[in-house]
Amino acid sequence: METETHSKTDITLTPAAVKEVLSIIEKKQLGGAALRLSVEGGGCSGLSYKLHFDTEITQHDDTFVFDGLTVIVDKKSGAHLSGTTLDFSKALVGGGFKFQNPNAKQSCGCGESFST
C-alpha cells in the first residue's frame, strides 16, 4: 500500500478500510469526494469519531492519500487522532469501521466515543 502524508499528524487506513470507502464512493456516485475524519465533543466518553464525505479542503486541514483515496483531517481533530488506525471488518458481530487510537485513555462499549 502506497501512503503519502502531508502533515505531522500520523493517520493510517488499513487496506480493508480503503477498499470499503472507495466502494461506498463508487456506489453512491461521489466521484471526487474525500473521506473526512474528525472528532467532536459528545458521546458517553466525551469525544466522538465522525466520518463523512467532503469535497472541500481548507487551510485548517491536513490531507493523506491511501491508494487513491484522499483523507482529510482538520488540525484540531488531528491532535486527538495522531497515531490512529482506521480499520474495517465485514464480521456479522462487531463489524464495520473501527478506530484503533493510542491516544484514547478510555472508550465506550460501542467504540464510537473516547476520552484522552
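Couple of notes before you dig in:
- The set of residues in region 55-64 that are within 22 Å of A16 (Cα to Cα) and surrounded by fewer than 17 Cβ atoms within 10 Å (Cβ to Cβ) contains only T63.
- Where a residue in region 40-58 is at negative phi and of a type in the set (V, I, T) and its partner, wherever it lies, is assigned to a loop (DSSP other than H, G, I, E, B) and modelled with pLDDT of 85 or more, with Cβ under 7 Å and at least six apart: T55/G32; T55/A33
- Residue ID - nearest to V21 (Cα to Cα), chosen from residues in region 65-92 that are part of a strand (DSSP E or B) and in contact with an Asp or Glu (Cβ under 7 Å, 6 or more places away or on another chain): F88
- Qualifying residue in region 12-35 (condition: more than 16 Å from the chain's Cα centre (by Cα), modelled with pLDDT under 90 and hydrophobic (A, V, I, L, M, F, W, C)): no
- Screening V39 against (1) surrounded by 14 or more Cβ atoms within 10 Å (Cβ to Cβ); (2) more than 22 Å from P15 (Cβ to Cβ); (3) modelled with pLDDT of 95 or more; (4) not small (G, A, S) leaves a single unmet condition, (3).
The values are calculated or read from the model by the stated rules, or taken from the named source; none is laboratory data. From a predicted model like this one, the values you see are computed outputs, not experimental measurements. Cβ sites come from the backbone with ideal geometry, for glycine too, and all protein chains shown count toward neighbours.
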